[in-house]
Amino acid sequence: MVQTADAGAVPAELAGADVEISVQALFKSFGGQQVLRGIDLNFYCGEFVAIVGGSGCGKTVLLNHILGLEKPDQGRVLVVDHEQKHAPLVDLSTFEDEVELARIHTHWGVVFQKNALFSGTVLDNLALWLTEIKNLEEDAVAEIAKTVLAAVDLPTGAHFLGAEASSLSGGMAKRLAIARALSMDPVVLFYDEPTTGLDPTTAQQIHQLILDTHRAPSHLGTPITTIVITHDKDILTRLHPRTVMLHDGRVHFDGPFEAFHESTSEIIRPYFDLMPVLHGGAPGTLY
């Protein structure tokens with residue numbers, strides 16, 4: 001049973017908001033191991049959502065389905081297609097090629113757990129998606145690169161643009177990963193463990209950057225929808241997102257952070273107390 005006072009309801013501050021992503025009765029298994037066991041979730045335009053849960057609970061698999069990187073065994077994921085008139089919800093599983101998925105990704109930005117920076121320079125990392133997905137020319141890419149670097153408080157000069165991405169510190173690499181996501185001028189931003197491995201001061205700076213980015217309007221004039229997968233307790237306590245907890249491949253909790261924090265659930269309480277440990281050194285997992 002989902003632990004929430006009002007399952008499936010639109011948060012009060014988003015009353016009237018449109019659904020941006022709808023996950024419906026999602027099941028997925030790998031090699032006979034059932035990972036997702038019927039996930040039902042709606043994410044609303046302008047919402048800030050944190051997805052939490054122990055290793056192996058299905059967080060990464062859920063994210064991969066939302067991104068269209070996995071096909072469900074059962075169920076479906078509907079996402080808004082901002083390239084079409086009236087921005088309808090479309091079923092990712094019906095897409096026949098990567099061109100259709102790229103149309104959706106044109107309006108999304110993703111910050112991966114280990115940054116997933118490419119070999120090459122800072123500019124190379126900012127340019128790839130802009131040229132491959134948005135088909136922009138060199139001059140336009142250079143202007144966007146300077147804008148997004150400034151937005152994440154990184155240098156914008158030629159020396160930094162030409163620096164090797166592999167030479168950056170952990171905090172600077174994370175900022176570059178966020179700048180790359182922002183370069184897409186996204187309507188939806190996804191973060192996968194954005195502060196793992198960062199020192200507390202840098203992590204706090206990234207928290208503020210995530211919040212500031214969320215509050216900025218998208219290029220369509222609509223609020224940005226932010227979805228964060230995290231073990232970072234401080235993200236929850238500082239930013240107070242809607243909190244979704246997965247457990248054993250199901251949604252165990254869905255509601256305000258305050259209710260999550262105050263829960264006496266035998267599943268939530270031990271996990272919440274262990275979050276700082278998990279955040280500091282949780283091993284990687286497929287799920």
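None of the figures in this text is laboratory data; all of them are computed from the coordinates on show. Keep in mind that this is a model prediction, so the values were computed, not measured. Note: ideal-geometry Cβ built from the backbone for every residue, glycine included; neighbour counts use all protein chains shown.
Summary of computed values
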quantity: Options Ile178, Asn42, His261, ranked by Cα towards positive dipole end of segment 17-281, top entry (Cβ charges); calculated: His261
quantity: Rounded to the nearest 20 debye, dipole of the chain from Cβ charges on Lys, Arg, Asp, Glu; calculated: 480 debye
quantity: Neighbour-count ranking [beta-carbon atoms within 10 angstrom, fewest first] of Glu70, Glu143, Glu47; calculated: Glu143, Glu70, Glu47
quantity: Local electrostatic count at Asp73 - Lys and Arg +1, Asp and Glu -1, tallied over other residues with Cβ under 13 Å; calculated: +3
quantity: The chain, helix-only ellipticity at 222 nm - DSSP H runs n ≥ 4, -39,500 (n - 2.57), divided by all residues, nearest 500; calculated: -10500 deg cm²/dmol
quantity: Trypsin sites (Lys or Arg not before Pro) within segment 53-99: DSSP coil, no more than 10 neighbouring Cβ in 10 Å; calculated: Lys85
quantity: Projected area averaged over orientations for segment 50-142, convex hull of C-alpha atoms, nm²; calculated: 8.2 nm²
quantity: Sparse-neighbour loop sites [chymotrypsin sites (Phe, Trp or Tyr not before Pro); segment 108-194; at most 16 other C-beta within 10 Å; DSSP]; calculated: Phe112, Phe118
quantity: Helix 122-132 vs. the chain, principal-axis angle (Cα, 0 to 90°, nearest 10); calculated: 70 degrees
quantity: Antiparallel %, DSSP beta bridges [both residues in the chain], to 5; calculated: 60 percent
quantity: Part-to-part distance (alpha-carbon centres) for segment 97-154 and segment 45-79, which is given in Å; calculated: 22 Å
quantity: Förster-model FRET efficiency, 35 Å R0, Ile133 and His261, C-beta, rounded to 0.05; calculated: 0.35
quantity: P(r) of the chain over all Cα-Cα pairs, binned every 10 Å from zero, in whole percent; calculated: 6, 29, 36, 23, 6, 0
